[in-house]
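Step one of this worksheet: look at the structure below.
The values are calculated or read from the model by the stated rules, or taken from the named source; none is laboratory data. None of these values were measured; they are calculated from a predicted model. Note that we place each Cβ from the backbone using ideal geometry, even for glycine, and neighbour counts take in every protein chain shown. The accessibility values were calculated without ligands, DNA or RNA, using every heavy atom of the protein model including side chains. Shrake-Rupley method; radii C 1.70, N 1.55, O 1.52, S 1.80 Å.
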Amino acid sequence: MPPAKKRPRAYDPAKTRAAVLAQFGNMRRAVGTLGPDRLALPTRLGDWSVRELAAHCAMALDAVDRLLGEPEPARQDGRLLDWPFAIADDAPAIAATARRLAEEHPDLDAHLADAEHRFTAHLDTHPAGRLLPTSAGALPLADYVVTRTVELVVHTDDLNAAVPGLDIPYDRHALAACTRLLADALAAKAPGGSTEVRVPPYAVVQCVEGPRHTRGTPPNVVETDPLTWIRLATGRLTWKQALQDAHVSASGERADLDAYLPLMR
């Protein structure tokens, strides 16, 4: 008999909302300490400056405003796990919009505050099940808010990498949701039960075709920390470099995840 199909992971909407606002607040406070010289620093995202990256973080919340402005789909036809694979096509438009917003809003803190206000107001007035027409198909508002943790955690890491000593903290629940969504996306991309991927303390998933592990120590194990996993999943770090720097451990003949990464491009 085939194994039972695993139920999708559930996220508490109230906790996810709090996590998004906490991480956005951490980012906003840190960016507010930056002067023009540091806002002009380059980032690892092509030719984006720190100012443009911060403006993009406002877009992460304003995406909810934009999607709520569209007609509501008649039915849900997307899955939360589809989202990480669906956003690559939007990248050129996203970059252009971030540059435009950075130019149009010289008062960056006011721009971020406005985005936070709109986001909070929308979550106060729309039900969690309200469908949004996202790039991954029609998704409930509550599911789409989970994707905002990925945007904010990933770009917090980008900002920390760009500005020495910035050290924006990570909200625990935001980091957990981001880690879990990307781990589950790996399991969706490489279905199977031969390899166990551990990202303590937040996620453990089974993936990769091959003999299914049922008890005892798995023969194929990958283990890493949350930020390393997020960097691997989003292409900020290569599998080879992570192994070389001992940021990931991999044992077993099916523990090489290089062919499946990155998940998001």
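Give the range 30-55 a look and list any residue that's within 23 Å of Thr179 (Cα to Cα) and out of contact with any strand residue (DSSP E or B) (no Cβ under 9 Å at 6 or more places or on another chain), or say none.
Here is the first cut: in the range 30-55, the residues within 23 Å of Thr179 (Cα to Cα) are 30, 43-45, 53-54.
Hits for the range 30-55 are Ala30, Arg44, Leu45, Leu53, Ala54.
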When the range 79-113 is examined, which residues are found to be open to solvent by 80 Å² or more (accessible area, probe 1.4 Å) and in a helix (DSSP H, G or I)? Phe85, Asp89, Pro92, Arg100, Glu103, Glu104
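Residues of the range 84-130 being of a type in the set (D, E, K, R) and out of contact with any Phe, Trp or Tyr (no Cβ under 7 Å at 6 or more places or on another chain), which ones?
The initial filter retains those residues of the range 84-130 that are of a type in the set (D, E, K, R), namely 89-90, 99-100, 103-104, 107, 109, 114, 116, 118, 124, 130.
Hits for the range 84-130 are Asp89, Asp90, Arg99, Arg100, Glu103, Glu104, Asp107, Asp109, Asp114, Arg118, Asp124, Arg130.
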Total residues in the range 208-265, condition in contact (Cβ under 8 Å) with a residue 40 or more places away in the chain, open to solvent by less than 50 Å² (accessible area, probe 1.4 Å) and in contact with a strand residue (DSSP E or B) (Cβ under 7 Å, 6 or more places away or on another chain): 6
Considering the range 47-62 alone, what residues qualify as being open to solvent by 10 Å² or more (accessible area, probe 1.4 Å) and either farther than 21 Å from His122 by Cβ or of a type in the set (Lys, Arg) (or both)? Asp47, Trp48, Ser49, Arg51, Glu52
What are the residue pairs meeting all of these: first residue in the range 5-28, first residue hydroxyl-bearing (Ser, Thr, Tyr) and in a helix (DSSP H, G or I), second residue at pLDDT 95 or above and open to solvent by 60 Å² or more (accessible area, probe 1.4 Å), Cβ atoms under 8 Å, and 6 or more apart or on different chains? Thr16/His173
For the range 120-128, indicate whether the set of residues that are hydroxyl-bearing (Ser, Thr, Tyr), part of a helix (DSSP H, G or I), closer than 20 Å to His56 by Cα and open to solvent by 30 Å² or more (accessible area, probe 1.4 Å) is non-empty. yes
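Within the range 145-157, identify whether any single residue is of a type in the set (S, T, N, Q) and not in a helix (DSSP H, G or I), and answer yes or no. Before you say what the answer is, go through the steps one by one.
The first filter runs over the range 145-157 and keeps only residues of a type in the set (S, T, N, Q), leaving 147, 149, 156.
Then keep just the ones that are not in a helix (DSSP H, G or I); that gives none.
Within the range 145-157 (the criterion being of a type in the set (S, T, N, Q) and not in a helix (DSSP H, G or I)), the answer is no, since none of the residues qualifies.
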How many residues of the range 45-71 are out of contact with any Pro (no Cβ under 8 Å at 6 or more places or on another chain), in a loop (DSSP other than H, G, I, E, B) and at pLDDT 95 or above? The answer is 1
Answer with yes or no whether His122 is more than 18 Å from the chain's Cα centre (by Cα), more than 23 Å from Ala183 (Cα to Cα) and touching a residue at least 24 places away in the same chain (Cβ under 8 Å). yes
Return yes or no: is Asp65 under 13 Å from Glu116 (Cα atoms), among the acidic types (Asp, Glu) and either in contact with a strand residue (DSSP E or B) (Cβ under 7 Å, 6 or more places away or on another chain) or open to solvent by 30 Å² or more (accessible area, probe 1.4 Å) (or both)? yes
